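So the structure is just underneath, and the comments pick up after that.
Bear in mind that the values in this text are calculations on the coordinates, not laboratory data. Note that the coordinates shown come from a computational prediction; the quantities given were computed from them, not determined experimentally. Here the Cβ positions follow ideal geometry from the backbone for every residue, glycine too, while neighbour counts run over all protein chains shown.
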Amino acid sequence: MSVDTPEDLEGLRRAGRAVSAALREVSRRVRPGVTTAELDAVAARVFAGHGARSAPALAYGFPGTICISVDDEAVHGIPGPRRLRAGELVKVDVTAELDGFYADAAVSVPVGAVPPRVGRLAAAAQAALRRGLRAARAGAPLNAIGGAVEDEARRRRCTVLHELTGHGIGRAIHEEPSVPNVYVASLDEPLAEGTVITIEPILSLGRGDVRSGDDGWTILTADGATSAHAEHTLVISAGEPLVLTASG
């Protein structure tokens, strides 16, 4: 969507605050022994307090409030009885709907002490997100975002899971345009001020291929490598983008 009125912006901000609050509260409770269903219940309580609803459940019938993916699960993991173990990397992906507006964000959270390579992978995803945000300016080509993300991933010796992309958002969970995490030469249309998108680097230490899980929802790395995910929802502006899902 494009932000056309102050009411649009305030609606998006409220959805973003619900996402940020849920992400913060769930991340605080990640520890060995907790189940992903228990973490999902935390998100549900936060959403209820904000008057928000789970966007994946609303739009697609997803069987949970948020997506929680562990290690080689890249995205769309279903919360359930799985107990987290020290050394794992958990991707917490939160998307909310509030009064017809949508926002989406994700973070990768280590469970206790993790191997150094896993910590570096999580840091790389965050760094790639920051690079993507710096490239997101009105008038810049859309492919500048993917180019920046891909460059940072390569610099840190990580691989982009290229089939998984960011996207437009605002009045629906997924809107145009697609926002790849790699440079695509044909995507050279300029970003328009007021456009609402997500940027979400999804990286691994293996190859860049993914596969669908048996549950029909979870997307995993094809080679079993651990993956990391970082994401924000933002509004394009002439200067720095307005990040709607930032903490604080």
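Within 12 Å, Cβ to Cβ, of V114, how many net charges do the neighbouring residues add up to if Lys/Arg are +1 and Asp/Glu are -1?
Values: positive: R85, R117, R120; negative: D71, E88.
Spelling it out: positives minus negatives among the neighbours equals +1.
Of the beta bridges in the chain, as assigned by DSSP with both residues counted there, near 100 percent are antiparallel. Kyte-Doolittle cut-off 1.0, length cut-off 20 Å along the helix's own axis using Cα: show which whole DSSP H helices in the chain pass. Qualifying helices, which must be both long enough and hydrophobic enough, do not occur.
Summary of packing: across the peptides 171-178, 154-161, the per-residue average of other C-beta atoms within 10 Å ranks them, highest first, as 154-161, 171-178. In units of the compact-protein estimate 2.2 N^0.38 Å, the range 175-242 shows a Cα radius of gyration of 1.37. Comparing the chain with the 2.2 N^0.38 Å rule of thumb, its C-alpha radius of gyration ratio is 0.94 (two decimals).
Per-peptide packing, taken as the mean over residues of other Cβ atoms within 10 Å, places 89-96, 118-125 in the sequence 89-96, 118-125 from highest down.
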